[in-house]
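Data block below; observations after.
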Amino acid sequence: MHLSGQLLRLRIPDRGPDRSGQPGHATGGDSPADSALDRQVPFDSHPVELVPGQIWIQDGRIESVTWGQTSKDADLGGDDCVIMPGLVDAHLHLPQFDVIGAHGTTLLRWLNESVFPAESLWSAPEYAAAMTERVIRQLHGVGTTAIAAYATVHHQGTMAALRTAQRMGVKGVIGQVLMDRDAPETWLKDSDRQIETAAATLDAFPPGSALSAAVTPRFAVACSMDLLQRAGALAKQTRAIVQTHLAETVAECDLVSQRFDGLDYASVYDQAGLLHPRSILGHGIHLDENQRRRLADRGAHIAHCPTANSFLRSGVMNLETLIESGVSVGLGSDIGAGYERSMVRVARAMIEAAASIGRRFPTAAQAWWQITHGNARLIGMPRGERLSPGRPADLIIVRPDDDWHSRLADPLAGLMFGWDDRWVRQTIVDGRIVHSSR
């Protein structure tokens, strides 16, 4: 397959090793945090650019790339098209697509009244498989090809989701949710059983795979310290990615302090062995200086979820303060509290939220970097230019409906702020067209 168009090219070097300490490896390690440039591109930077070029795909991978010239003989694309790596969502909940729009309540009430009933349906593996397929087709339609996702507490449902996602070429991680309190009675199992089944998902989808299982305690409110510590030990033993939630609301933070003898939220996770360069922590809105420093020292990552934060009225995350503290920040849709499937729209919300409270905010180029390369590193994908020979052919072809690139000083800003999901003409996964709007 031959593609031609304006290619979204990485401008800054991905210096340093992967989180494993080994170039090209897909899992993280316990090595010290990367340098500031490796972990987060600076404000006002332009880490990606549009360059004319061509891509050849063979056997599911990029065979070759040429820069500087397009071709009229390509199979797909054109001078008016943008070709970029598949988009990456660093935080979402597969079972919660059916609760998008459950509005007007607090986080903890929303979980009990909307989320838990929806997740209970995943006790049937066939339902979990069918819903996962439906969700992934929706994600492919908006250009997302890689995810860090939560399943449910149900082991067989989680396995069905992993198998379905793997069959559909999804990259990233999916985790079986761990919780031993504040949940429906039928969900609650002892820590031994929960860790045993979570370990089974890791055996079947081991860290380092294109799609792997993740260690996924829901959040501290729903977990005992015993369960959190066992989760931390499992992640250390297997070198798995950890995903959980952190400091989403003030009420949640207060409850964590009450239940864990006055510890702050980040300290609870640190004592459990859950803070390290493989940790992806959703939200991170209400963090004091000590907690921010702890996250930076441990190399843990925050998955910023601006649309969900707005929807549940959880607060506005101060992106500038987190980055200045040395904390690595990714970006997630957080569906179903989040209501935007498109990571481009989530990236736009990130810029708007940061601009509303901070002195500095991301450029459009920085936002594009985040949802193509920054998030990819967060969820364990190899570093470096994703449009390069040998990489999986996970791409999207975008054709805007006007002559945007010839009349704007900053075409990447025009592309982001004028975005229409219908511009995604093809989504390609492992060299196969999985979505086409032509």
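A count restricted to the stretch 15-55 and to residues that are modelled with pLDDT of 50 or more, closer than 29 Å to ARG432 by Cα, crowded, with 16+ Cβ neighbours inside 10 Å and hydrophobic (A, V, I, L, M, F, W, C) stands at 3.
Name the single residue, out of those in the stretch 296-326 being out of contact with any strand residue (DSSP E or B) (no Cβ under 7 Å at 6 or more places or on another chain) and aliphatic (A, V, I, L, M), that is modelled with the lowest pLDDT. In this case the residue turns out to be LEU312.
Just one of THR66, THR145, THR152, THR132 is over 27 Å from CYS253 (Cβ atoms) and in contact with an Asp or Glu (Cβ under 7 Å, 6 or more places away or on another chain); which is it? Talk me through it step by step, then tell me what you get.
Values: THR66 fails: in contact with an Asp or Glu (Cβ under 7 Å, 6 or more places away or on another chain); THR152 fails: over 27 Å from CYS253 (Cβ atoms); THR132 fails: in contact with an Asp or Glu (Cβ under 7 Å, 6 or more places away or on another chain).
Just a single option satisfies the conditions, and that option is THR145.
Each row is one residue, and each column tells you yes or no for (1) touching a Cys at 6+ places or on another chain (Cβ under 7 Å); (2) over 30 Å from ARG391 (Cβ atoms).
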| position | (1), (2) |
| --- | --- |
| GLU196 | no, yes |
| PRO207 | no, no |
| ALA213 | no, no |
| PRO217 | yes, yes |
| LEU227 | no, yes |
| ARG239 | no, no |
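Would you mention how many residues in the stretch 56-77 are assigned to a strand (DSSP E or B) and either modelled with pLDDT under 95 or farther than 23 Å from GLY414 by Cβ (or both)?
In the first step, residues of the stretch 56-77 are kept if they are assigned to a strand (DSSP E or B); the result is 56-58, 61-67, 76-77.
If we keep only those that are either modelled with pLDDT under 95 or farther than 23 Å from GLY414 by Cβ (or both) too, we end up with 56-58, 61-66.
Counting residues in the stretch 56-77 that are assigned to a strand (DSSP E or B) and either modelled with pLDDT under 95 or farther than 23 Å from GLY414 by Cβ (or both) gives 9.
When ARG193 is tested against (1) surrounded by fewer than 16 Cβ atoms within 10 Å (Cβ to Cβ); (2) under 15 Å from VAL153 (Cβ atoms); (3) in contact (Cβ under 8 Å) with a residue 60 or more places away in the chain, exactly one condition is not met: (3). Restricting attention to the stretch 219-241, the residues being in contact with a strand residue (DSSP E or B) (Cβ under 7 Å, 6 or more places away or on another chain) and farther than 22 Å from LEU108 by Cα number 5. Within the stretch 230-243, which residues are within 10 Å of ILE195 (Cβ to Cβ) and out of contact with any Leu (no Cβ under 7 Å at 6 or more places or on another chain)? Selection gives ARG230, ALA233, LEU234. Residue selection: ARG239 satisfies the criterion of being touching a residue at least 40 places away in the same chain (Cβ under 8 Å), at positive phi, among the basic types (Lys, Arg) and in the same structural domain as VAL316 (by TED's automatic domain parsing).
Can you spot a residue in the stretch 211-218 that is among the charged types (D, E, K, R), part of a strand (DSSP E or B) and in contact with a strand residue (DSSP E or B) (Cβ under 6 Å, 6 or more places away or on another chain)? Please lay out each step first, then the result.
First, pick out the residues of the stretch 211-218 that are among the charged types (D, E, K, R): 218.
If we keep only those that are part of a strand (DSSP E or B) as well, we get none.
Checked the stretch 211-218: no residue is among the charged types (D, E, K, R), part of a strand (DSSP E or B) and in contact with a strand residue (DSSP E or B) (Cβ under 6 Å, 6 or more places away or on another chain).
The requirement of being without any contact (Cβ under 8 Å) to a residue 60 or more places away in the chain, farther than 25 Å from ALA303 by Cα, small (Gly, Ala, Ser) and crowded, with 20+ Cβ neighbours inside 10 Å is fulfilled nowhere in the stretch 161-170; no residue meets it.
Within the stretch 172-187, the only residue that satisfies the criterion of being out of contact with any helix residue (DSSP H, G or I) (no Cβ under 7 Å at 6 or more places or on another chain) and either of a type in the set (D, E, K, R) or outside the structural domain of VAL215 (by TED's automatic domain parsing) (or both) is GLU185. Could you check, for the stretch 127-144, whether at least one of its residues is modelled with pLDDT of 95 or more, within 30 Å of TRP423 (Cα to Cα) and part of a strand (DSSP E or B)? Yes: one or more hits.
Considering the stretch 89-123, the residues that are of a type in the set (S, T, N, Q) and either at pLDDT 85 or above or outside any helix (DSSP H, G or I) (or both) include one that is surrounded by the most Cβ atoms within 10 Å (Cβ to Cβ), namely GLN96.
Restricting SER388, SER342, SER356 to residues that are over 19 Å from the mean Cα position of the chain (by Cα), in the same structural domain as LEU139 (by TED's automatic domain parsing) and among the hydroxyl-bearing types (Ser, Thr, Tyr) narrows the list to SER356.
Specify which of the listed residues (SER224, SER257) is surrounded by fewer than 24 Cβ atoms within 10 Å (Cβ to Cβ), polar (S, T, N, Q) and in contact with a Leu (Cβ under 9 Å, 6 or more places away or on another chain). Reasoning before the result, please.
Details: SER224 fails: in contact with a Leu (Cβ under 9 Å, 6 or more places away or on another chain).
When all the criteria are applied, what remains is SER257.
Looking across the stretch 117-158, the residues that are within 23 Å of GLU196 (Cβ to Cβ) and among the aromatic types (Phe, Trp, Tyr) come down to TRP122, TYR150.
The values are calculated or read from the model by the stated rules, or taken from the named source; none is laboratory data. Since we're looking at a predicted model, the values are computed, not measured. Quick reminder, even Gly has a Cβ in these numbers, built from the backbone with ideal geometry, and neighbours come from all protein chains shown.
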